[in-house]
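**Q** One structure, as structure tokens, below. Some questions next.
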Amino acid sequence: MQTMSANDAKARFGQMLDAARREPVTIEKHGRAVAVVMSKEDYDEIEAMKLERLRAEVLIGINASKAGCSTEYDTNNVGQLATEIKAEGRKRANAKA
């Protein structure tokens, strides 16, 4: 993966776009990675993989629910449930990394 400073990316925008068509380009500001520029094709592929994973997770939930593995939640606690689901997702993502 190629790396450019934010100033170089700004000054050589066309070259950065050309490079991003070949491989992702990391943009750094003050020595810290702040963005990644990639081709539209790579972006579309990543989005398709994310959607496929989401569909698989939803199917697992549907099958678990049909098998009777479900929990009733009070509608007043939906915010807390959302927080717990996000935390679990982050934990799974970090475990895979």
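Read-outs: derived from the displayed coordinates by stated rules, not from any lab. Here the structure is a predicted model, which is why all the values come from computation and not from measurement. Using ideal geometry, Cβ is built from the backbone for each residue, glycine included, and neighbour counts are taken over all protein chains shown.
**Q** Any chance you could count the Lys pairs in the chain whose alpha carbons are under 17 Å apart, treating pairs 8 or more apart or on different chains as valid?
**A** Numbers: LYS10/LYS29; LYS40/LYS50; LYS50/LYS86; LYS50/LYS91; LYS50/LYS96; LYS86/LYS96.
For the chain, the number of qualifying lysine pairs is 6.
**Q** Hey, of (i) 1.25; (ii) 1.59; (iii) 1.03, which did the structure itself give for Cα Rg over 2.2 N^0.38 Å when calculated?
**A** Among (i) 1.25; (ii) 1.59; (iii) 1.03, the one calculated here is (ii).
**Q** Then there's this: So how far apart, in nm, are the two label points at ALA56 and CYS69 if each is 7 Å from Cα heading toward Cβ?
**A** 1.6
**Q** A further question follows. Net charge near ASP8, counting Lys/Arg +1 and Asp/Glu -1 over other residues with Cβ under 14 Å of its Cβ? It would help to have the intermediate numbers written out before the result.
**A** Numbers: positive: LYS10, ARG12, LYS29; negative: ASP18, GLU28.
Local charge sum for ASP8: +1.
**Q** Pick from GLU23, GLU41, GLU84 the residue whose mean-square fluctuation is largest in a GNM of the chain, springs joining Cα atoms under 10 Å.
**A** Among GLU23, GLU41, GLU84, the largest mean-square fluctuation in the Gaussian network model of the chain belongs to GLU84.
**Q** Taking the Cα-to-Cβ direction at LYS10 and at ILE85 and moving 7 Å from each Cα, how far apart do the two end points lie in nm?
**A** 4.1
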